[in-house]
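To start, the structure itself, in structure tokens.
The values are calculated or read from the model by the stated rules, or taken from the named source; none is laboratory data. Note that this is a predicted model, so its numbers are computed, not measured. Here Cβ is always computed from backbone atoms with ideal geometry, including for glycine, and neighbour counts include all displayed protein chains. The accessibility values were calculated without ligands, DNA or RNA, using every heavy atom of the protein model including side chains. Shrake-Rupley method; radii C 1.70, N 1.55, O 1.52, S 1.80 Å.
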Amino acid sequence: MPKKTKAIKVTDIKAQKPWLKREGAYKYPVERINKKKRFLIVCEGQTEELYFKSFPVLTADIKPVHQGCSKSELVACTKSYTEDEDYDEVWCVFDMDIKPGQNRQFEDFNKAINSAHEAGYKCAYSNDSFELWFVLHYQYIDQQQERTFFFKTLSGYWDINYEKDGKKRAFAKSIYSRLLSDDKASQQNAINNARRLFENQKNKVYHEQNPVTKVFVLVEELNKHLRK
């Protein structure tokens, strides 16, 4: 009767046991070690960071960080995070945040997106405000609006003063679960609405895409790794 082959333990492979080095040690099939996909998500603001941290991701490792700088500066800061660690996907999350009278803000927005792509990063940019993504859970909007419009709209849906209290850490940490549990809100609707906005404007220069948010692309990627 043929001699049974002893199974090779994954723990032995990780520990690089000496006996595995002998000839034929890998002759038989062994269990494969599945490496989790790693995401780095560098965010302009605290709200974005805490929102992405709330995703119940199980089959991937995500690292959302709040950098505190915007547009092209954010992209430059992102490079410091990738010098010593490897990530499968690197995302930059920022918005246009139009400031009337400020020079070269459109050029900076366009430059940031182009610089991110040149560095191999992905961009979840929004114009004008990241909060557009939240509003799209409730309604479709295709008219240009200032960020104060989104703040007032969310204040109505959430029965708070969003501009005053919605930016606080405790509230920002609750936004993901709040949207998930609200019968009036739908993440799938937000994805569909955001995709529709982008498809209708994708051939325009970045700063002319307004309103738009590419957050839906990142959300779809994270959703592939959620705890069931």
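Residues to consider are LEU132, LEU136, LEU154; find the one that is out of contact with any strand residue (DSSP E or B) (no Cβ under 8 Å at 6 or more places or on another chain) and either open to solvent by less than 80 Å² (accessible area, probe 1.4 Å) or among the hydroxyl-bearing types (Ser, Thr, Tyr) (or both). Every option except LEU154 fails the conditions. Within the stretch 95-108, not a single residue is under 18 Å from VAL217 (Cα atoms), surrounded by fewer than 22 Cβ atoms within 10 Å (Cβ to Cβ) and modelled with pLDDT of 90 or more. Comparison of ASP165, ASP159 shows that the only residue that is open to solvent by less than 80 Å² (accessible area, probe 1.4 Å) and either of a type in the set (Ser, Thr, Tyr) or more than 19 Å from the chain's Cα centre (by Cα) (or both) is ASP165. Checking each residue in the stretch 188-200 for being within 21 Å of TYR121 (Cβ to Cβ) and open to solvent by 10 Å² or more (accessible area, probe 1.4 Å) picks out ARG195, PHE198. Remark: pairs (first residue in the stretch 70-92, surrounded by fewer than 21 Cβ atoms within 10 Å (Cβ to Cβ); second residue among the acidic types (Asp, Glu) and assigned to a helix (DSSP H, G or I); Cβ separation under 9 Å; 6+ apart in sequence or on different chains) = SER70/ASP108; SER72/ASP108; GLU73/ASP108; GLU89/GLU221.
I'm trying to understand the selection: among the residues of the stretch 201-226, which are exposed (fewer than 14 other Cβ atoms within 10 Å of the Cβ) and among the basic types (Lys, Arg)? Matches in the stretch 201-226: LYS202, LYS204, LYS224. Among residues that are more than 30 Å from ASP88 (Cβ to Cβ), part of a helix (DSSP H, G or I) and open to solvent by 90 Å² or more (accessible area, probe 1.4 Å), LYS184 is not included. For the stretch 187-220, what are the residues that are assigned to a loop (DSSP other than H, G, I, E, B) and not polar (S, T, N, Q)? The answer is LYS202, LYS204, VAL205, PRO211, LYS214.
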